[in-house]
Amino acid sequence: MSSPLDSDFDRGRLAQVREAFFAAPSVTGVVRADVLESWQRSRQALGTPTAVSTVPHVGDEFLDEELVRMFAAPLARVSEGLSDTDLGLILADAEGRVLKRWFQDRTAVEHLDRLGTVRGAVLAEQAVGTNGVGTVAATGQVVQISGAEHFAEFYQQASCTGAPVRHPLTGSLLAVVTISTRAAANTHLLKPLVHSVAVQLEQHALEVQQPAARVVLDAFLEASRVRLQPVIAFGPQNIVMQSVAAATLTPTDLGILRQRSGDAGHATRIPVELSIGYFDAHITRLGHAAGAVVVLERRRSYNAGGSARGESRLAGGSRSWATVVQRVNHYVLNGTPVVLGGEPGTGKTSAAMGRQFVPGAPMPRTVVDAAEHLVVGTAAWLQRVAELVRGTTPVVIRGVEELDGTLLSGLRALLHSDARQTAVLLTLASNSPADVEVVAGKLEIDHIWLPALRDRSADIRPMWQLFVEKLTAGAALRLSDDAMEVMTAYSWPGNVAELRSVVEKLYRAGKRGTVRPADLPAVVQRGRALTMIERAELDALRHALEESGGNRSKAAQLLGLSRATVYRKMKAYRLTV
């Protein structure tokens with residue numbers, strides 16, 4: 001049976017139908033149902049095809065090297081069979097991010113480069129629309145997208161055939177394998193070919209993973225049968241299993257537990273703070289490199305009168321915030337000093353405390369203000385710090401930007417003294433990561449940069465909910481979806497402190513119930529909601545700036561853009577470095 005794209009007539013007819021669909025959407029028998037559904041999803045996420053002009057990218061830190069290592073050998077063998085063809089072979093993760101590509105002909109690499117199909121390219125439907133990677137990830141089906149069936153116009157000269165690769169035990173989507181070529185090429189046999197390759201990869205994953213995966217599965221089931229507490233298992237290839245009691249754990253919680261279980265011995269009990277409270281994590285490492293099983297036992301803390309009291313937790317679910325929390329925990333556990341830097345209001349002291357910081361409230365770490373030396377004198381202040389670092393309770397020193405060179409020298413001596421027994425976390429307010437690096441260099445210790453709220457919009461809703469709980473005496477201030485869109489678009493120059501102020505002002509003004517855009521301060525309302533492609537572009541720009549250490553010229557090279565374009569986009573998105 002002939003393909004719908006075998007003739008120039010059919011290709012021209014499809015192009016006409018596509019143009020008519022995006023001008024005035026209607027169902028037509030000329031377009032396959034799966035393509036039509038993908039067009040509809042793409043239009044909802046991106047608007048019109050002309051809105052997609054470039055392919056967004058992510059840095060190497062977001063790419064799963066384990067998948068590449070697992071599938072590199074079998075895909076290299078498949079690629080050898082593509083010699084003397086212009087076919088390019090692509091491996092992407094379940095999010096549509098390109099991990100690696102294989103080719104045997106210069107024509108193939110030129111074809112992939114022209115499409116922007118390179119390592120780190122984000123080909124998810126919500127980023128570039130209908131295509132042979134993202135549509136496979138969205139549907140979990142073998143898909144062939146040719147010519148005008150693509151959503152983005154710059155894909156019109158391509159034909160991409162992709163198939164899902166599923167986990168051999170859980171059935172979850174592991175990866176997408178895709179073959180790409182020119183739209184005019186004969187593609188009749190590519191669907192069965194790419195499906196066969198996917199089956200081979202699934203069998204290979206089973207052979208590689210089976211022993212370790214079976215070990216962690218059996219251990220998880222055994223622990224879940226005998227315990228009512230939350231049980232989590234971390235296995236090979238990012239397998240995560242959760243009991244019903246562990247269903248409320250956030251991605252940040254799981255990240256913390258994974259990091260702790262990776263650092264633990266064979267059987268360890270570690271205190272841990274999660275979004276749902278304080279726990280003792282009973283960690284059992286499994287043999288055969290299978291991973292670990294974690295059983296959570298809730299801890300209760302008591303005040304001086306012996307009654308249980310609630311604990312104030314950190315809030316935030318973004319990847320960048322989870323990384324900060326994990327790194328801070330690492331320094332505390334190892335008793336190592338570190339500088340926490342960030343713009344004013346980013347929550348540096350709360351991150352150092354391991355919970356929301358409330359001045360005057362009981363805290364598990366001793367807090368010292370650097371500015372106190374102006375009141376008590378340099379010698380007395382250093383003497384107090386010296387006494388505290390000889391104890392066992394972690395010490396937080398706030399505002400070290402207030403210290404001059406002499407005090408920094410004295411503090412450096414204390415931090416590197418053999419008498420120091422505990423972790424010391426120093427906070428520094430600055431608009432420049434370079435300033436934080438300079439101070440950390442003078443102290444000869446490591447540093448962590450806390451991202452601004454505008455760079456971690458995923459944290460806005462959980463922090464809003466936390467502030468509502470703590471500040472409004474039970475008033476139900478619920479963010480509508482429209483209000484959330486407006487708040488996500490706002491740049492938050494005052495960071496977390498400004499968000500807290502918005503909650504307080506609404507409560508004092510008598511607002512209750514659902515919060516809509518008109519209820520927000522005028523300065524917040526002026527923020528414009530970003531489109532999906534703008535969000536992807538903004539993420540790519542942030543990652544490039546992070547990878548280049550804030551160097552705009554290097555960021556431009558990483559993105560393949562001119563320096564002037566990077567400056568313009570930074571200004572448009574109100575990005576600072």
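The table below lists the values:
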{"read-out": "Estimated vicinal HN-Hα couplings, Hz - segment 366-380 in sequence order (Karplus 6.51, -1.76, 1.60; Gly, Pro = x)", "value": "7, 9, 10, 8, 4, 5, 4, 5, 6, 9, 8, x, 4, 4, 5"}
{"read-out": "Cα gyration tensor, segment 227-298 - rounded (a/c under 1.5), prolate or oblate", "value": "prolate"}
{"read-out": "³J(HN,Hα) computed for each position of segment 57-67 - Karplus, 6.51 cos²θ - 1.76 cosθ + 1.60, integer Hz, glycine/proline x", "value": "9, 10, x, 4, 5, 9, 9, 8, 5, 4, 5"}
{"read-out": "Cβ-derived FRET efficiency at R0 41 Å, Asp280 paired with Ala380, nearest 0.05", "value": "0.55"}
{"read-out": "Summed residue charge, Cβ within 11 Å of Leu479's Cβ, Lys/Arg positive, Asp/Glu negative", "value": "-1"}
{"read-out": "Relative contact order, percent, segment 35-172 [alpha-carbon distance under 8 Å, six or more residues apart]", "value": "25"}
{"read-out": "Cα gyration tensor, segment 48-94 - rounded (a/c under 1.5), prolate or oblate", "value": "oblate"}
{"read-out": "Potential lengthening between Ala476 and Glu401 on full extension [0.36 nm per residue; Cα-Cα distance subtracted]", "value": "23.1 nm"}
{"read-out": "Placed amide H near Arg390: partners under 5 Å, 5+ positions off or other chain", "value": "Gln421"}
{"read-out": "Cα gyration tensor, segment 319-451 - rounded (a/c under 1.5), prolate or oblate", "value": "rounded"}
{"read-out": "Net charge of neighbours whose Cβ lies under 13 Å from the Cβ of Val176, counting Lys and Arg as +1 and Asp and Glu as -1", "value": "-1"}
{"read-out": "Computed FRET value (nearest 0.05) for Thr393 with Ser53, which takes r as the C-beta separation and R₀ as 60 Å", "value": "0.65"}
{"read-out": "Placed amide H near Leu274: partners under 5 Å, 5+ positions off or other chain", "value": "Phe279"}
{"read-out": "Low-density loop positions, trypsin sites (Lys or Arg not before Pro), segment 390-437 - DSSP coil, at most 15 other Cβ in 10 Å", "value": "Arg390"}
{"read-out": "Asp218, Asp519, Asp481, Asp60 arranged by Cβ crowding within 10 Å, fewest neighbours leading", "value": "Asp481, Asp60, Asp218, Asp519"}
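Every number here is computed from the coordinates shown, using simple stated rules; none is lab data. All values derive from a computational prediction rather than experimental measurement. Note: ideal-geometry Cβ built from the backbone for every residue, glycine included; neighbour counts use all protein chains shown.
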